[in-house]
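Notes to accompany the following structure.
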Amino acid sequence: MSIRIVRVQRRSEFFTFLNLVDIIYGQNSPFALANKQKTSLLLHPGINPALSHVHLALYIAYEHSKPAGRIACAVDEFCRKKKTGFIGAFEAVPKENITRSLMEKAEEWLRKQKCEVVIGPVLVNTNQQVGLLVNGPPPFAGHPLPYNPPYYRELLEGYGYQKLTDLLAYQWSTETTLPENINRVARRATYHPEVTVQPLNFSTPFYEQVKAVHYILNRSMERNWGYIPLTIAETRAILTHFKSIADPRLLLLARIGHQPAGICFCVPLPGKIENKPAFRLALLAVVPEFRQRGIDALLLKNCYSVLPRGSQVEISQIHEGNVAVLKMVQRVTTQPPVRRYRVYQKNIP
């Protein structure tokens, strides 16, 4: 059986890399179209500023001269776990030999970058597209989180990848009132005279908003699993994207005096859940020195007050070891996770 692995070097090969999803999900299917759009944006140096500190290699597997699989491998100069590489954008027909050929080529490239461990699926880095859907219904097409055929789990585990961690997605309905314990903690935060929660003020210089969000994210996330410190350019790209799609009243910034203290960003999803408006609570973060003051509850309460009643809100991707955030989530919903995304790792021989 003839399998050939080709590194993407030319524009035509990049389009073959993108269009390979037509083989997996069906030509011009909603999942294929969404995958192409997300992947092309993440891999575009003019759009994704993280690529300024990430080294990438893209490969396509051909079987009898026809595309049968693809993979992206990456090394991030800012990754806090040294000698660690990533594999992502993995797509393949259900054949072990295709997966093995792609993985061996990815490991060969990562080995040359001095990597000893590979983590995936991760596209670009662990701040961006992460995880393999291993449990729960597929999200609707256009959803920002990954979707994959169920057999990918068997392919990865069959090659020797083992679970590193899981990321969880919960669903919260605003049809119910906000729990009293959240309201009580939020009220406690308002007793501090210098605490304010307001939408980001885009009438002021945009750079001032970017600086505040950059400070909050890098301070609040520094101990989170997989977090890689953001540059100002990356924060600007995140904020520009959210500004373009979200109700500005749902992009909330908390301050204590003039000091940025926390953020809550809730963005619309391109579809409906149970025929109700759908949102994703994308970011809820408080810097360490202002935790235990109810600021997270106050941000959540303000967010809840703006969301249309009956909205379905997805809270994701939460690291399974993030006890503080899981406690908050379990106060607003008693339901188990609706989806589970797995991150794998493997030693590079």
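Overview of values
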| quantity | calculated |
| --- | --- |
| Unmet criterion (only one of (1) modelled with pLDDT under 95; (2) touching a Gly at 6+ places or on another chain (Cβ under 6 Å)) for Gly120 | (1) |
| Residue count for the range 67-78, restricted to those that are buried (at least 19 other Cβ atoms within 10 Å of the Cβ) and either without any contact (Cβ under 8 Å) to a residue 40 or more places away in the chain or in contact with a Gly (Cβ under 9 Å, 6 or more places away or on another chain) (or both) | 6 |
| Test: residue in the range 204-211 that is over 22 Å from Pro49 (Cβ atoms), in contact (Cβ under 8 Å) with a residue 40 or more places away in the chain and in contact with a Leu (Cβ under 6 Å, 6 or more places away or on another chain) | no |
| Selection from the range 142-164 of residues that are on the phi > 0 side of the Ramachandran plot and modelled with pLDDT of 95 or more | Gly160 |
| Boolean, Glu314 is without any contact (Cβ under 8 Å) to a residue 12 or more places away in the chain, of a type in the set (D, E, K, R) and at negative phi | no |
| Residues within the range 54-66 that are touching a Ser or Thr at 6+ places or on another chain (Cβ under 7 Å) and either within 23 Å of Lys114 (Cα to Cα) or buried (at least 19 other Cβ atoms within 10 Å of the Cβ) (or both), tallied | 2 |
| One residue from Val118, Val124 being under 25 Å from Phe15 (Cβ atoms), of a type in the set (Val, Ile, Thr) and surrounded by 21 or more Cβ atoms within 10 Å (Cβ to Cβ) | Val124 |
| Residues of the range 289-304 satisfying the condition of being free of Cβ contacts under 8 Å to residues at least 60 places away in the same chain, part of a helix (DSSP H, G or I) and either not assigned by TED's automatic domain parsing to the domain that holds Gln198 or not acidic (Asp, Glu) (or both) | Phe290, Cys303 |
| Residue list for the range 13-57, restricted to those being closer than 20 Å to Lys95 by Cβ and of a type in the set (A, V, I, L, M) | Leu20, Val21, Ile23, Ile24, Ala32 |
| Residue in the range 165-178 that is farthest from Asn275 (Cα to Cα), counting only those that are in contact with a Phe, Trp or Tyr (Cβ under 8 Å, 6 or more places away or on another chain) and modelled with pLDDT under 95 | Leu178 |
| Single unsatisfied condition, Gln330 versus (1) within 19 Å of Cys266 (Cα to Cα); (2) touching a residue at least 24 places away in the same chain (Cβ under 8 Å) | (2) |
| Some residue of the range 271-278 being touching a Lys or Arg at 6+ places or on another chain (Cβ under 6 Å), touching a residue at least 12 places away in the same chain (Cβ under 8 Å) and in the same structural domain as His214 (by TED's automatic domain parsing) | yes |
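The values are calculated or read from the model by the stated rules, or taken from the named source; none is laboratory data. Values in this document were obtained by computation on a predicted structure and should not be read as measured data. All Cβ positions, glycine included, derive from the backbone under ideal geometry; neighbour counts span all protein chains shown.
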